[in-house]
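Notes to accompany the following structure.
The values are calculated or read from the model by the stated rules, or taken from the named source; none is laboratory data. On a predicted model such as this, the values are computed, not experimentally measured, just so you know. Glycine gets a Cβ as well: all are built from the backbone with ideal geometry, and neighbour counts include every protein chain shown. Ligands, DNA and RNA are excluded from the accessible area calculation, which covers all protein heavy atoms including side chains. Shrake-Rupley method; radii C 1.70, N 1.55, O 1.52, S 1.80 Å.
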Amino acid sequence: MDTRQIDNILKGQRLWVIAAVVATLVIAAISVISLSQCSSDTADDGESLSVAAALDSLEQRLPGGTGFLVKFADERRHCLFYLNGGHLYKFDGITKRLDEVLFTALTEGAAIYYNDSDINAGIREAVLSPDGEFIMLTAAVSPTGKDGKAMQGLYRMNTVNLTIDALAQGYVAREGDLFFVSVIDKNTGRQRAMLGFDRSGKQVSREKQQEMLKAYKPDVKPTADEEGAEGDGQALSGGSDNATPAVNSGSGVSSSADVTKDKAEETQAKPASAPATAKPVQASDKE
């Protein structure tokens, strides 16, 4: 065997070694990537489960008198809202923080009136919208008067960013999926208009409103003042037949997605305010 043949044999052996090393490196790289993806998926599932578990855990420890409760275990909101004693609270399933939701951006005339000594103060009722994106709030805007009643406001809060819209003021009543706001004239103290809203916070047309009024108060006919000011009222703009709410809104904190409870409980409680800010609350204080 001459020198040339020996060189060729050695070159061939070196090529095989190089090919084997490359193949080993490729297999190792694929294994690392695969393990990394599995680890990531497991972490995501674990986080999701921990959020749901945290929300369920707090739900079991809520204080007595809690009426409204809704949980969002999705990535946008990952939180729980509940009403107690006229105050709205939010628990974050990731940070494990419990805060009172305060709407400080509302103007003075639309701000929610809080007073733990006044039985009518605060947020009186909360109802989740059909799509789960909003919470309708009925809240006091003034102290209880001599007649035992308190002027109220109807609000719509976004469950993602906690912005709030002041829809109307007066005396609020709910019949099924509809809210009726009896707007009161400040000068005369008489009813000025009756406005209707659905559970999404949309004002119904005047025609539909009249149909609902007949079903709501079959023996009551609109006065001349009401017929001429159907769309008028505080927190409303314009005097047309279909006046739209003058939105008083503010920005807040949070995020949104699928509702864990499609049909959240609807109950009475107390009011909230405008651009949402978070007031820390110790979970143990509310147990």
Taking a probe of 1.4 Å and leaving out DNA, RNA and ligands, region 58-215 shows per residue an accessible area in Å² of 41
Between Asp147 and Tyr171, the two model label points (7 Å from Cα along the beta-carbon direction) sit apart by a distance in nm of 0.5
Here, Trp16 and Glu207, labelled 7 Å along Cα→Cβ, have an inter-label distance in nm of 9.0
Once phi for every residue in region 96-112 is put through the Karplus expression 6.51 cos²θ - 1.76 cosθ + 1.60 (θ = phi - 60°), the whole-Hz ³J(HN,Hα) values, with Gly and Pro written as x, are 6, 9, 10, 10, 7, 8, 10, 9, 6, 7, 5, 5, 4, x, 10, 5, 6
Here the gain from full extension of Thr107 to Ala53, 0.36 nm per residue of separation minus their alpha-carbon distance, amounts to 15.6 nm
In nanometres, the difference between 0.36 nm per residue of separation and the alpha-carbon distance of Lys214 and Lys186 is 7.5 nm
The answer for Thr163, listing residues at least 5 apart or on another chain whose modeled amide H is closer than 5 Å to its amide H, is Asn158, Gly252
A student applying the Cα gyration tensor rule (rounded when a/c is under 1.5; otherwise prolate if a/b is larger than b/c, oblate if not) would label region 75-215 oblate
With x for Gly and Pro, the residue-by-residue ³J(HN,Hα) of region 51-60, computed from phi through the Karplus equation 6.51 cos²θ - 1.76 cosθ + 1.60 at θ = phi - 60° and given in whole Hz, is 5, 4, 5, 5, 5, 5, 5, 5, 4, 6
Taking alpha-carbon centroids only, region 151-204 lies from region 84-124 a number of Å equal to 18
So, over other residues within a Cβ distance under 9 Å of Gly201, counting Lys, Arg +1 and Asp, Glu -1, the net charge is +1
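When ranked by the protection proxy of mean other Cβ atoms within 10 Å per residue, highest first, what sequence do the peptides 96-103, 75-82 form?
On the way: 96-103: 19.5, 75-82: 22.6.
For the peptides 96-103, 75-82, the packing ranking is 75-82, 96-103.
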